[in-house]
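S.K.: Handing you this structure, nothing more for now.
Each reported figure results from applying straightforward, stated rules to the coordinates on display, with no laboratory input. Just so we're clear, the structure is a prediction, and the values are computed from it rather than from any experiment. Using ideal geometry, Cβ is built from the backbone for each residue, glycine included, and neighbour counts are taken over all protein chains shown.
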Amino acid sequence: MPLFPLDIKHQEFSGQMFGYSKKEVRLFLDQVASELEELLNKQERELARREQMQYEVKQEAVSANTAVEDLKRREELISRTLVFAEKTKADIVANARKEAENIIHEAELKAKRAINEAKQHLGVLEHQYLSLKEQKRQFLLQFQVELQTFQDKIRTDPLLAKEPEKPAEGEFKQIREEIAPNPPQGEKK
C-alpha cells in the first residue's frame, strides 16, 4: 500500500507498558524507508531515461545542424529538470528524516508522560496503603483496649468469684425466715 505524507503524519501506534510498540514503529519506519527507496529508484530510472534522451538529442544535433538551437534549449531544460529532480529528491529524503525524528520524539514524550502518570498513581496507591495500614493498627489497638476492659470486668464479676457473696446469701436467708417463720415445735414442717 503506497504511503502519502498525510499517512505518515497521522500514523498511530498502539501503546504498551513503557511506550509504543518498538516492533510497530520499526515496521512503519521500514515501510517508509522502502517507499522512499522505491521513489529514489524511480527517480534514478527517470534520470537514466532523461540522460538517454539527452544522448539521443545530442546525436540528432550532430546529424542535423539545423536543429542545433532547438537541441540546446532542450538540453538546458533537461539540465534544469535534473537539478530540480535532485533537489526534490534531497527535499523528500530530508523531510522523511525529519518526520521520522518527530515520530520518535513524540513517542518518547508520550512514554515519559505515561511513566510519570504511573509514578503518580503508584504514589497515590502507596499513600492509600499506608493510610489503611494505620487505620487497621488504630482499630486493633482500640479493640485490644476494649477487649482487655471486658476481660477485666468478667474476671472481677462476683458471680465468677470462687466464694459466693456472703452478705447476699445472708439477706436471702433472713427474708425467707421473715416470710415463712418456723412452725411451732409440735407441728411438722
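S.K.: Please give the length that would be gained between Leu132 and Gln11 if that part of the chain were fully extended, namely 0.36 nm times their separation in residues minus their C-alpha to C-alpha distance (nm, one decimal). List each step's numbers first, then the result.
M.R.: Details: separation 121, 0.36 × 121 = 43.56 nm, distance 4.44 nm.
That works out to 39.1 nm of additional length.
S.K.: So for the pair Phe150, Ala90, with labels modelled 7 Å out along Cα→Cβ, what separation do we get in nm?
M.R.: The modelled label-to-label distance comes out at 9.0 nm.
S.K.: What do the square roots of 5 times the Cα gyration tensor eigenvalues come to for segment 35-128, in whole Å, largest first, as semi-axes of the equivalent ellipsoid?
M.R.: Here the semi-axes work out to 59, 10, 4 Å.
S.K.: If R₀ is 25 angstrom, what is the calculated FRET efficiency for the pair Leu47 and Asp70, using the beta carbon separation as r and rounding to 0.05?
M.R.: On the way: r = 22 Å, r/R0 = 0.88.
Efficiency computed from Cβ-Cβ geometry: 0.70.
S.K.: Could I ask something else about it? Got a sec to turn the phi values of segment 33-47 into Karplus ³J(HN,Hα) couplings, 6.51 cos²θ - 1.76 cosθ + 1.60 with θ = phi - 60°, whole Hz, x for Gly and Pro?
M.R.: Each residue's phi maps through the Karplus curve to give 4, 5, 5, 5, 5, 4, 4, 5, 4, 4, 5, 5, 4, 5, 4 Hz.
S.K.: Here's another thing I want to ask about it. Testing the spin-label approximation: label points 7 Å from Cα along Cα→Cβ at Val57 and Lys110. State their distance in nm.
M.R.: The modelled label-to-label distance comes out at 4.8 nm.
S.K.: With respect to the cross-link table entries Lys22/Lys110; Lys22/Lys112; Lys153/Lys173; Lys22/Lys42; Lys42/Lys72, which display a Cα-Cα separation exceeding 19 Å?
M.R.: Where the Cα-Cα span goes over 19 Å, the pairs concerned are Lys153/Lys173; Lys22/Lys42; Lys42/Lys72.
S.K.: Next question. Which whole-Hz couplings ³J(HN,Hα) result when phi for each residue of segment 80-88 is put into the Karplus expression 6.51 cos²θ - 1.76 cosθ + 1.60, θ = phi - 60°, listed in order with x for Gly and Pro?
M.R.: Result, rounded to whole Hz: 4, 5, 4, 4, 4, 5, 5, 5, 4.
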